[in-house]
1. Being touching a helix residue (DSSP H, G or I) at 6+ places or on another chain (Cβ under 9 Å) and modelled with pLDDT of 85 or more: is that true of Ala14 here?
2. Give the residues of region 1-44 that are of a type in the set (Ser, Thr, Tyr) and over 14 Å from Arg77 (Cα atoms), sorted by residue number.
3. If a residue has to be surrounded by 14 or more Cβ atoms within 10 Å (Cβ to Cβ) and either under 19 Å from the mean Cα position of the chain (by Cα) or aliphatic (A, V, I, L, M) (or both) to count, how many in region 79-88 make the cut?
4. Within the bounds of region 26-35, is there any residue that is of a type in the set (Phe, Trp, Tyr) and within 19 Å of the chain's Cα centre (by Cα)?
5. So, Gly80, is that one on the phi > 0 side of the Ramachandran plot, touching a Pro at 6+ places or on another chain (Cβ under 6 Å) and at pLDDT 85 or above or not?
Amino acid sequence: MSYPVTYYCPHCGAVVEIEREGYLADKSVTPYPLEGWTYADPHDSANASYESVDGIRFVCGEMPPESDVGQTETGIRWTGDQSNADDVENPTMTSPCDRTFYLSFVRFENGNEIEPQPDTDQVRIASDTAGPSKPNGPTSPDGPGGFRR
């Protein structure tokens, strides 16, 4: 049995309502996808049950081209409301903001809940072999007899 469930955009707070099965458990709503999760387009009627995916990829305010205001046959409706939750990135932003966000469902493997892995993209600030091993300061003037510290 499906139920109407509401979520809000983490960027601007725009509220979306979708019809989905009650057995699906939510993990999180984030402005980025979780690594290893697969996401469905909410306007794709082939994925209307969301059973074969790990979440839903929304574009804030996006409706299928053939729909008018209201709920589509895939069960999505932007309510026109705006959440004032503390974790909305920019509550004064124009809503809807047309930015992407992700609803991720809880995933299980062999009966155990899978925790999302941190992003594997690492930034290297400096190479281990390039550059000085310690900061170089100014050289001191020569002392008596050309002695240097």
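The values are calculated or read from the model by the stated rules, or taken from the named source; none is laboratory data. These numbers were taken from a predicted model, which means no experiment stands behind them. Virtual Cβ from ideal backbone geometry, glycine too; neighbours counted across all protein chains shown.
1. Working: touching a helix residue (DSSP H, G or I) at 6+ places or on another chain (Cβ under 9 Å): no; modelled with pLDDT of 85 or more: yes.
Judged against the criteria, Ala14 is not a match.
2. Ser2, Tyr23, Ser28, Thr30, Tyr32, Thr38, Tyr39, listed by residue number.
3. Residues meeting the conditions: 3.
4. Yes, region 26-35 contains a residue that is of a type in the set (Phe, Trp, Tyr) and within 19 Å of the chain's Cα centre (by Cα).
5. No; evaluated as a whole, the condition is false for this residue.
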